[in-house]
Amino acid sequence: MKIEMGESLFYSWLRHVKECQIVQTNWKVSGRWEMLHEKEIQDLMSRIDEHFSNNYSYNIFKKNASVYQIIQQAECDVLGVSFSGNEKQFYAVDVAFHEAGLNYGTREETVMKVIAKSVRTAICLYGYMDTKGAEIIFASPKINQAILDDLVPCINDLNNLFRIYGYEFAVRVIANEQFNESVLQPILLASGGIADTSELFIRAYQMYGMFENTTESKKSSVRVNKADIPKYSAQIRSELKIGKLVQLVLRPLLQSDNVSEEEINLLQEKEYCKKHFDIQYPLLLKTTAEEKELHYYKERFYIKGESYRLCCEWFEKEANNDRPYLEKWIAEHNE
């Protein structure tokens, strides 16, 4: 079986950054499945095809191609589903790595191919998963600017068409430096402690890290805590679910010299944490105090020699969104 490193990267990214409980590579529709919403899908395809033909002279789909012919061409490199309570979020990723830059032929052919891939993914999800909403991603570490200049307006148009016709699909292109900040850096950040041999990208990175750390240790056997804390950009942080943001970014900041002893004490008070983080429990719980494991992560960590647990009750829903409070605190202390 052929294994692509890009697919392995996004397999791990969906599992550990987007926290998808179900992830599958090379997802394809089975000919045995019954397709739902056929007429709606046919109408959507026709409207999209007409829009790009009239506005860009693009022929996205072959004029006489049926819905079934289009779907037979569809293959999603990585599909993930994240469950949170009664809610679920679909992620569908196509990843392409062309060393000289994304190239499916001419500029026009390359742009049309990306649009067609995105639409095929959307109609497969609606026809066979019965969902009108998903984050549909086309990712490539290198796309030349000339292609991006043509592609980005088309993606904006496509997202607008989905909204107009009552769908919640959101297509995004991740390329160049954004590929690094949105995909590569978050998964490297989240890769610590993962020991699954099936995740080839992470295993390769961990092997590299073994030798990198050996080289660094020869330079100095002493590590300065404050200097070791990376300045994670807002883009990197935005890709992390709030629980990962707490454990991977907030916790190291709490252990650094950026947070005063006075504030550490305040973070153990319920009222203070409600005001500054909008959470219902103290952010920090000393492990010598009465431990309420239901509301705190089990893993202990140390601040100035004292052992603590971090509150795990964080939400980022429309009616209860703790993320802006957390991001504000991180921004103020990540300097």
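Bear in mind that the values in this text are calculations on the coordinates, not laboratory data. All of these numbers come straight from a predicted model, not from anything done at the bench. In this analysis, Cβ positions are derived from the backbone assuming ideal geometry, glycine residues included, and neighbour counts consider all displayed protein chains.
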- Note on the structure: Taking 0.36 nm per residue of separation between GLN69 and ARG107 and subtracting their Cα-Cα distance, the length gained on full extension comes to 11.2 nm
- Note on the structure: Put in order of increasing Cβ neighbours within 10 Å, starting from the fewest, ILE187, ILE70 give ILE70, ILE187
- Candidates GLY101, GLY85, GLY133: whichever shows maximal mean-square fluctuation once the chain is modelled as a Gaussian network with Cα springs under 10 Å: GLY85
- With the dipole of the chain worked out from charges on the C-beta (+1 for Lys and Arg, -1 for Asp and Glu) around the Cα centre, which of VAL259, TRP27, VAL93 lies farthest toward the positive end? TRP27
- Message: Rounded to two decimal places and with Rh computed the Kirkwood way over Cα pairs, what is Rg over Rh for the chain?
- Response: 1.02
- Gain in span if fully extended, HIS37 to CYS312, counting 0.36 nm per residue against the direct Cα distance: 95.0 nm
- Enter the angle in degrees (range 0 to 90, nearest 10) between the Cα long axis of helix 38-56 and the first principal axis of the Cα atoms of the chain, meaning the one along which they spread out most. 90 degrees
- Would you be so kind as to identify which of GLY305, VAL152, ALA319 lies farthest towards the positive end of the dipole of the chain, taking Lys and Arg as +1 and Asp and Glu as -1 on Cβ and the Cα centre as origin? GLY305
- Item | Calculated SAXS-style log₁₀ I(q)/I(0) at q = 0.19 Å⁻¹ - the stretch 72-177, Debye, Cα scatterers | -0.96
- Note on the structure: The size of the Cβ-based charge dipole (Lys, Arg +1; Asp, Glu -1) of the chain about the Cα centre, to the nearest 20 debye, is 480 debye
- Query: Which distance in nm do the two modelled labels at ARG47 and GLU168 give, with both placed 7 Å along the Cα-to-Cβ direction?
  - Reply: 1.8 nm
